[in-house]
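Q: This structure is in structure tokens; I'll ask about it shortly.
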Amino acid sequence: MNDSPGWASPGSSPSEPSKGAEGSPADDASRTPPPEPPGAGRQGRPGEQPERPDAQPGRVPGNVQPGKWSAEQPPASAGGGWGAAPPPPGGPGHPAPGQPPGWGAWNQWGRPPAAKPGVIPLRPLGVGEILDGAVSTARAHWRTALGVALGVAVLVQLASTVANGIWLRGNDGVETLQNNPQPSTDELLDAMSASFSSAGITLLATLVGTVIATAMLTIVVSRAVLGRTVTMSEAWRESRPQLGRMLGLTVLVMLIVTGSVLAGTLPGIVLLAAGATVAGSGLLLLGMIGGAACGIWLWIRYCLAAPALMLERQGVTTALRRSAKLVRNSWWRIFGIQILAWLLVQIVSLIVQIPSSVLASVIEGDGLSDVLSGSLTFSWTYLIIVGIGGVLAMTVTLPLSAGITALLYMDQRIRREALDLELARAAGVDASSSPPSGPAGS
């Protein structure tokens with residue numbers, strides 16, 4: 001006898017079964033047995049006699065009978081008359097075996113990667129992705145990025161070197177201060193006028209050069225995000241109409257930050273001038289701390305105004321409002337990223353400039369004690385070597401600082417305004433598989 005059940009007839013329609021009817025092993029194979037209800041027994045293969053339901057282990061006959069079978073009913077499963085038991089339902093967050101996964105499959109297998117037509121993925125960015133995007137922009141578009149930075153750095157350092165050579169070389173006022181411990185007011189003004197003149201020329205050249213470089217490099221970063229190339233002439237043509245506003249914005253932010261610091265120290269200065277030394281000194285110290293804190297807060301609040309002015313073609317006041325809106329509720333995160341970027345720029349500048357300064361001192365014959373004490377001879381050779389180091393430092397750091405600020409601006413707009421969808425459409429990529437915009441880990 002074969003213990004495995006046979007196939008059920010796909011086209012049979014059972015008649016009224018008798019509840020007590022059961023197949024007998026002694027029945028003749030040629031005699032047609034009375035119809036049995038589904039589940040009470042299963043018809044054997046041709047040439048075999050039907051088996052009793054209770055002869056098969058694990059089979060329990062049932063008394064409830066289904067309705068009429070459809071004529072198009074598929075064949076029964078080969079595993080058994082009643083079929084295998086249905087799988088138990090899955091636990092929370094897991095579909096039942098054999099069931100298609102629902103929307104929770106993203107959590108199980110991870111989100112699909114966001115579209116990345118350029119240097120960053122089109123989704124909220126982390127700190128590392130912002131830094132990597134700035135470096136990737138300088139690498140992928142090195143001709144334009146480094147070309148802009150190098151041109152600006154050469155102009156700035158040339159102006160600074162010439163100013164230092166004219167006003168600092170042969171300055172007898174400094175030697176007078178070193179030899180006279182109690183100089184007069186005229187001697188002080190004469191000694192400091194040269195330093196102020198040189199510092200003023202250097203500051204003005206740095207301000208103008210930074211404005212031009214930031215404006216052009218912001219355009220380069222905006223094209224790099226879309227995976228497009230841009231030449232120096234194209235970057236200049238697109239940024240030139242906004243250079244005047246960019247200069248005004250930069251000067252205004254500098255005045256706001258500096259004014260807040262001076263406002264904090266003003267009460268202490270007034271008390272010191274009135275003769276209240278102890279109270280004035282204490283109030284001056286507190287005012288310096290409070291003014292510096294207020295200045296830093298304002299600097300972060302308006303740090304995204306430059307890319308907003310360049311990329312949205314806004315005016316100065318509108319760009320300031322846009323920056324304040326984008327920074328709102330994200331001040332500490334932006335502060336951390338900007339401080340990290342500032343430290344990175346300073347470290348790179350020191351790595352480049354310290355060797356050039358030491359080399360210039362060695363060539364001039366000055367010792368280490370002269371370098372540390374500041375009693376150096378500012379010859380043209382020394383100034384030129386130091387200027388070359390400054391050119392290299394600015395060439396490397398300008399693309400980093402401008403790129404980080406521009407990408408931070410785009411990241412804030414992606415988080416708040418779904419800019420990633422607009423960038424995907426502009427780049428011609430499908431953003432349907434990208435996860436929705438929202439806060440992401442830093």
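The values are calculated or read from the model by the stated rules, or taken from the named source; none is laboratory data. Just so you know, these numbers come straight off a predicted model, no measurement behind them. Don't worry about glycine lacking a Cβ; one is built from the backbone with ideal geometry, like all the others, and counts go over all protein chains shown.
Q: Got a sec? Which of 304, 286, 262 is under 20 Å from residue 334 (Cα atoms) and of a type outside the set (Gly, Ala, Ser)?
A: Numbers: 286 fails: under 20 Å from residue 334 (Cα atoms); 262 fails: under 20 Å from residue 334 (Cα atoms).
Every option except 304 fails the conditions.
Q: Condition check: basic (Lys, Arg) and touching a residue at least 12 places away in the same chain (Cβ under 8 Å). Does residue 245 satisfy that?
A: Yes; evaluated as a whole, the condition is true for this residue.
Q: A follow-up question, please. Every residue in region 228-254 that is loosely packed, with under 14 Cβ neighbours inside 10 Å and either assigned to a helix (DSSP H, G or I) or on the phi > 0 side of the Ramachandran plot (or both), please.
A: Matches in region 228-254: 233, 237, 240, 241, 244, 251, 254.
Q: How about region 207-227: which of its residues are under 22 Å from residue 124 (Cα atoms) and not in a loop (DSSP other than H, G, I, E, B)?
A: Hits for region 207-227 are 217, 218, 219, 220, 221, 222, 223, 224, 225.
Q: Within the bounds of region 419-432, is there any residue that is crowded, with 20+ Cβ neighbours inside 10 Å, over 30 Å from residue 156 (Cβ atoms) and at pLDDT 95 or above?
A: There is no residue in region 419-432 that is crowded, with 20+ Cβ neighbours inside 10 Å, over 30 Å from residue 156 (Cβ atoms) and at pLDDT 95 or above.
Q: While we're looking at this one, here's another question. Test residue 384 against the stated conditions and say whether it is among the hydrophobic types (A, V, I, L, M, F, W, C), in a helix (DSSP H, G or I) and either on the phi > 0 side of the Ramachandran plot or at pLDDT 85 or above (or both).
A: Working: among the hydrophobic types (A, V, I, L, M, F, W, C): yes; in a helix (DSSP H, G or I): yes; either on the phi > 0 side of the Ramachandran plot or at pLDDT 85 or above (or both): yes.
When the stated conditions are applied, residue 384 passes them.
Q: Something else now. Quick check on residue 257: is it among the aliphatic types (A, V, I, L, M), more than 28 Å from residue 133 (Cα to Cα), part of a helix (DSSP H, G or I) and in contact (Cβ under 8 Å) with a residue 24 or more places away in the chain?
A: Taking the combined requirement at face value, the residue satisfies it.
Q: What are the pairs, 6+ residues apart or on separate chains, where a residue within region 347-361 that is in contact (Cβ under 8 Å) with a residue 12 or more places away in the chain and part of a helix (DSSP H, G or I) has its Cβ under 8 Å from a residue that is crowded, with 17+ Cβ neighbours inside 10 Å and of a type in the set (Ser, Thr, Tyr)?
A: 348/397; 349/397; 360/382; 361/382
Q: Now for a different question. Quick check on my filter: what residues within region 237-273 are under 13 Å from residue 208 (Cα atoms) and hydroxyl-bearing (Ser, Thr, Tyr)?
A: Within region 237-273, 250 is the sole residue that qualifies.
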